[in-house]
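A.B. asks: One structure, pasted below without further comment.
Only the coordinates and a few stated rules stand behind these numbers; no lab work does. The shown structure was predicted, so the numbers you read here are calculated from the model rather than taken from an experiment. Neighbour counts are summed over all protein chains in view; Cβ atoms, including those assigned to glycine, are modelled from backbone coordinates with ideal geometry.
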Amino acid sequence: MPSNSSKGSVALLDLLDEEFDEVFVATYEFDPQFFDEYVLRETTLFGGADEILLLLDGRVHDRCLVGGSYRSPHANRTYLVEPVRGRQCFHPKLLLALSDIEWLLVVGSANLTGAGLTRNIELIDSWRWTVDGDAPPSVFVEAASFLGRALGHRSSSGARGRLQDALLRCPQLQGPTNRNGDHLLSSYDGSILAQVVREVEAAGDEIENVVVVSPYFDRSPAVFDIIRAAFKGATIELIVQDRTSTAPADALARWAAAHEGCLTAQVASFLEEERFLHAKALVLRGRRRDWAVFGSANCTMPGLALDYPEGNVELVAFRSAPRARRPPRARLFDGVANLRDIDLGKLDVSQPDEVEPTAPEYPWTLVSARRAGDRLVVEAEGEQQNSPPRVMIARSSGKTQVAMARVDTVFRTERVPQPEESLGPAAVVQLVGAAGEPVSNAVLLEDIVDRATGAGRVGRRLLALAQQSASGFRAALSRVLTDSGDVQRLIEFLWFVDIPVVEVAPAYAVRLTVGGIDPGSIAARMGVTDFRPFRVELSDALKGFWSRHMKRLRRHVEGAWIAGVPNALQIGACLQQVLEMRGDVVLREMRLGVLDNYSWSAVRTEMDQFTRHAVELAEVIGLSYRRALEKEHGRRLALGALAHGREELSSALASTAAWRAAVEEARRQCVVKTPTRKVPAEYFPHDEMRDWPKHLARIEASLGRLVKDLPLSAPATPTRR
């Protein structure tokens, strides 16, 4: 039997305190801000996962992610969100977590929201399986099968690919299984109630009593007619919470009177009165066995009685045990609530939630939009019209049109702006017609990369690499800068990580030390700040990284330690990497072709900062540091030590000049859209780029002169005469 974690009362967040590699979640409601700012950061299960896939009801997805006021910086970047669309609600609540050591499955009534995980009274169960070679419990295979059917053929290739990868890494998810125990029922195989009836009849049992726990009901008691017909002769007990249930009290009272009182009701009073009873269950008492059905299905026609697609997509766990002495309802809320009988007509009910508006019908269905390098790949289904649709990318500062290169089941465009350029924390993609009218649903732009810092395995390996050595830091920084899809990843790396010292052989360091200075005193140890950069902009992270490492470089200038030359050159090389990354951001923005005033102002500011920082870095190393070393140790020894960085210094000089040429070319092709007309960007000379010849002369006089004066070969172990 699988191990259970849901006996008695349990805090749902306690189940999220273990680390897994891959996490798959199916939920109806979703709170992106709570998930981003708490669950993703504070729970080991989500924060430590390398892959996270969330399956979400399509209408809820559009409401909270596409049309909501909160723009998630992580949705479709750190984790993938896949909307599941259908005639009715996609209503399951499932969590499947996988690793090479253990699997975890949670099924119940809790949505992935703050209320679902922290406040509501939910009914869940969990199963664990150690990957030891034995067949896993059937619930794991059934959960994986359910996820595959939910994705179906109309889901994005990225979501299907993640599930397929998991099946390849965990072949036990495809069977055979251990069928002795619980199993899952989904509405993909027919109505939940019909499947329960088949299971009970196959066991040869006869149901005497049905306990119904549900917060939501239809306005008509029709579902109770179906329950009564399914379990002939059984009495029905209804457990609800006063003032929160949507049970149609008057209609149920008339129904109970018409059926000779076979329906009774009890009100659950919880020890913590402010908590909402969100649990959903059918508890059946048979002549031979007790049966429990719990999960996502409310006591409604779409939840229990209708087949998919007329009914909701539901998922429930099903279990049975030998008949106990105490009735199931007496054990259901032990230690959590008190039950008292109530006349159905006196039940204080709440108004039912508003029905979600029906999504408009469009000629195209947009399945997904994802980045492929600097291209946009859009998966869509629809019929070709007279004129092909275009892709619209909505961002915080407006909308931009991306011309279509080809219209088919897969669209491909020439280029799409990167997140750090202009799209902000989230971009919404939609197909539009010739007049700009929407002709498809809208989806979030996918841009999935591994997290650079935090609890993820890949992130920890990257952080460990950056902490090991100077060369490791350079490699880690290069990877973060190359993977430009996730701005938050770059922000956290620049915010957390300092450039480590270069390991210098003690003999080399001691021989070159002046005045008995301990080499260890100039080796600042790398550390990680003890707070996370909440709501920090990329520009702030870049400025902070530049500022603190320029201070370190200037300390080397003040100390003029020969032993510290490798570290000073390392700091300069890493700063040059960051500088080139900022230059690339400017170029990508300018190559969009048309910029509004706001975007052009941001580009001009970045160009000014790049120019000032390039001059500052060149003069600190080429003038200040060189002069300090020559004054303290002599020209020959100083240049001999600096010659170890000849290649990197030459590369920095060349890349700065190349960037200038690329900017000039981009300026000639870029157009700024003013309120009245479009003006070529080259007609806006009021920035530091107009003084570039003067700045380039300063760089050549400092860094260029140093590179020319360096010896062609550096001594392996320089010595002080």
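A.B. asks: Ranking request for peptides 276-283, 213-220: highest mean number of other beta-carbon atoms within 10 Å first, then the rest in descending order.
C.D. replies: Those peptides, ordered most packed to least, come out 276-283, 213-220.
A.B. asks: When you count, for each residue, the other Cβ atoms within 10 Å and take the mean per peptide, how do 317-327, 155-165 rank with the highest first?
C.D. replies: Averaged packing, sorted descending, gives the order 155-165, 317-327.
A.B. asks: Something else now. How large is the dipole of the range 537-709 about the Cα centre if only Lys and Arg carry +1 and Asp and Glu carry -1, each at its Cβ, rounded to the nearest 20 debye? Intermediate values should be presented prior to the final figure.
C.D. replies: Working: 28 positive and 23 negative charges, 59 e Å.
Its charge dipole is roughly 280 debye.
A.B. asks: Once you have the Kirkwood Rh of the range 3-180 from its Cα pairs, apply Stokes-Einstein at 37 °C and 0.692 mPa s and quote D in µm²/s. Spell out each step's value before the answer.
C.D. replies: On the way: Rh = 16.5 Å.
In µm²/s, the coefficient rounds to 199.
A.B. asks: Any chance you could check the Cα centroid distance between the range 192-212 and the range 541-557 for me, in angstrom?
C.D. replies: Cα centroid to Cα centroid, the span is 71 Å.
A.B. asks: In the range 36-141, what % of DSSP beta bridges are antiparallel (nearest 5)?
C.D. replies: Roughly 65 percent of the beta bridges in the range 36-141 run antiparallel, per DSSP.
A.B. asks: Mind ranking 309-316, 550-557 by how tightly packed they are, going by the mean number of other C-beta atoms within 10 angstrom, highest first?
C.D. replies: Top to bottom by mean Cβ count within 10 Å: 309-316, 550-557.
A.B. asks: Work out the charge dipole of the range 537-709 with +1 on the Cβ of Lys and Arg and -1 on the Cβ of Asp and Glu about the Cα centre, then indicate which of 611, 656, 644 is farthest towards its positive end.
C.D. replies: 644
A.B. asks: Might you report the magnitude of the Cβ-based charge dipole of the range 33-173 about its Cα centre, with Lys and Arg at +1 and Asp and Glu at -1, to the nearest 20 debye?
C.D. replies: For the range 33-173, the charge dipole is close to 740 debye.
A.B. asks: Quick one: order 285, 667, 63 by neighbouring beta-carbon count within 10 Å, fewest to most. It would help to have the intermediate numbers written out before the result.
C.D. replies: Working: 285 21, 667 18, 63 15.
By the 10 Å Cβ count, ascending, the order reads 63, 667, 285.
A.B. asks: Using only Cα atoms, locate the centre of the range 50-74 and the centre of the range 125-145, then give the distance between them in Å, rounded to an integer.
C.D. replies: Result: 28 Å between the Cα centres.
A.B. asks: What list of ³J(HN,Hα) values in whole Hz, one per residue of the range 437-442 in order, does the Karplus curve 6.51 cos²θ - 1.76 cosθ + 1.60 (θ = phi - 60°) give from phi, with Gly and Pro shown as x?
C.D. replies: So the Karplus estimates, Gly and Pro as x, are 6, x, 10, 7, 5, 10 Hz.
A.B. asks: Straight-line reach from residue 543: which lysines have Cα under 28 Å away, leaving out those fewer than 8 places along the same chain?
C.D. replies: Excluding near neighbours in sequence, the set is 551, 694.
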